[in-house]
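Have a look at the structure below, then the notes.
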Amino acid sequence: MEKKVRLSDREIKIIKETAKDIFGSNVKIYIFGSRADLNKKGGDIDIFIETDKKTSLQDELKFLAKLEIQGIERKVDLVVKNPYTKEKSIFKEAKEKGVLI
């Protein structure tokens, strides 16, 4: 399988499983920013999560903590959109330039 993001298979698996556990099974997960560009080096992990479940800051913090506990050692920037979130330009950018995992 061809790599579309600069993350290991293990990192992708951890992100997907953790997102589904916290934000629901219908979650869509996008990697955007430098990790979605195969020609760049380094950088944090920018994650955009789109869910049909109402979420809280506590859910977001739990997600970030679980990633760290499971061995994701890079800095993670998280953007979450749920049905109650006001539309933001970052949502469109993350979906257009990001990679759905």
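Going through K28, K62 one at a time, which residue ends up being of a type in the set (D, E, K, R), under 20 Å from K95 (Cβ atoms), out of contact with any Leu (no Cβ under 6 Å at 6 or more places or on another chain) and touching a residue at least 40 places away in the same chain (Cβ under 8 Å)?
Values: K62 fails: under 20 Å from K95 (Cβ atoms).
Being of a type in the set (D, E, K, R), under 20 Å from K95 (Cβ atoms), out of contact with any Leu (no Cβ under 6 Å at 6 or more places or on another chain) and touching a residue at least 40 places away in the same chain (Cβ under 8 Å) holds for just one of K28, K62, which is K28.
For segment 70-99, filtered to residues that are exposed (fewer than 12 other Cβ atoms within 10 Å of the Cβ) and either under 28 Å from L38 (Cβ atoms) or in contact with a strand residue (DSSP E or B) (Cβ under 9 Å, 6 or more places away or on another chain) (or both), the residue that is modelled with the lowest pLDDT is E73.
Quick one: would you say R35 is buried (at least 18 other Cβ atoms within 10 Å of the Cβ) and modelled with pLDDT under 95? When the stated conditions are applied, R35 passes them.
Only one residue in K13, K40 is closer than 16 Å to D77 by Cβ, loosely packed, with under 15 Cβ neighbours inside 10 Å and among the basic types (K, R). Which one? None of the others qualify; the one that does is K40. Can you spot a residue in segment 33-44 that is at positive phi and either among the aliphatic types (A, V, I, L, M) or touching a helix residue (DSSP H, G or I) at 6+ places or on another chain (Cβ under 6 Å) (or both)? Yes; the residues of segment 33-44 include at least one that is at positive phi and either among the aliphatic types (A, V, I, L, M) or touching a helix residue (DSSP H, G or I) at 6+ places or on another chain (Cβ under 6 Å) (or both). Scanning segment 1-24 for residues that are modelled with pLDDT of 95 or more and of a type in the set (G, A, S), we see that the one that is farthest from K92 (Cα to Cα) is G24. So how many residues does segment 43-54 have that are surrounded by 21 or more Cβ atoms within 10 Å (Cβ to Cβ) and more than 18 Å from K92 (Cβ to Cβ)? Adding up the residues that qualify gives 1.
The values are calculated or read from the model by the stated rules, or taken from the named source; none is laboratory data. Bear in mind that the values here come from a model prediction, so they are computed numbers and not experimental data. A quick note on method: Cβ atoms are made from the backbone with ideal geometry, for glycine too, and the neighbour counts reach across all protein chains shown.
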